[in-house]
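Structure first, then comments.
The values are calculated or read from the model by the stated rules, or taken from the named source; none is laboratory data. Predicted model, so just to flag it, every value in this text is computed and none were measured. Cβ atoms come from the backbone with ideal geometry, glycine included; neighbour counts cover every protein chain shown.
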Amino acid sequence: MKKRIVSIMAVIMVISSLAMPQLAEAYSYGDPTEEKVAEAYAEMSAKLSESPPDYDQAEKIFETVEDEIKLHMGEDAVSAVKSELENENKDAILTNMQQVLVLNIARRLENVEGKFEEYETTRKLVGKADATYKKLSPIVEKNDSELDSTIKQEFETMLDSLGNPGLFGVGEKDSDKEQFTKSKETVINGLKNQFDMKSVEIGHFGESAKEDTTGTGNEWTDLGQLSNWIPLVLIVLVVAGVVFYSMKKRRS
């Protein structure tokens, strides 16, 4: 019986060692200065700026972030970009990708409000939103330099409003959620107007701010991939199988 228990524990430890890195990755926001969708946009822009534009490479780059965009920004966002890639419409591709980046900024900042007391998480989320804006900044600056300066300043204000838990009371600073919300709204509304977007919610992609349409979109989601839960399911199945086998052997 003891050998059987030891065997069960060994199996659980092995599977757990495989599961933990995947679960950790599922709940990690990674490097706050990196945003895959924003990087993909920059790479696509570079390929489309070649003479002639390299649509094949641009499409391959888009495919690397297609699932992420579909998960967080909706099927309509993916369809819009893919349609223009097929049509080889450079300007429309870039416009759609720019709107995808605006959606991603809004998603990150909305998530901050829901996790406002989690300093490390919120700091990374604001960092990722800021990293995304840096890819849009040259366009905004060209069209409205004052708005560009305002948005950059509001990102600084948002980071400051998160406060700082300090270390053993040293460097501690209170957070200010009201100030964060105010700055967030300034950024999102400024980007919506700049990129002619009616809404930054899923279900409204491609709708111009000038269009008068009805209906509401779905709320933002930031759910982990189903595959992240597979290791835990395997652990439960293995344990259940071993227990069932042990009980069966004992009865026989």
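Please verify whether segment 160-180 includes one or more residues that are under 30 Å from Thr95 (Cβ atoms), of a type in the set (Ser, Thr, Tyr) and in the same structural domain as Gly127 (by TED's automatic domain parsing). No, segment 160-180 contains no residue that is under 30 Å from Thr95 (Cβ atoms), of a type in the set (Ser, Thr, Tyr) and in the same structural domain as Gly127 (by TED's automatic domain parsing).
Just one of Glu117, Glu34, Glu50, Glu43 is in contact with a helix residue (DSSP H, G or I) (Cβ under 7 Å, 6 or more places away or on another chain), acidic (Asp, Glu), surrounded by fewer than 22 Cβ atoms within 10 Å (Cβ to Cβ) and outside any helix (DSSP H, G or I); which is it? It is Glu34.
Tell me, yes or no, whether segment 121-143 has at least one residue that is among the acidic types (Asp, Glu), assigned by TED's automatic domain parsing to the domain that holds Val37 and modelled with pLDDT under 95. Taking every residue of segment 121-143 in turn, none turns out to be among the acidic types (Asp, Glu), assigned by TED's automatic domain parsing to the domain that holds Val37 and modelled with pLDDT under 95.
On inspection, Lys90 does not qualify as charged (D, E, K, R) and within 21 Å of Asp67 (Cα to Cα).
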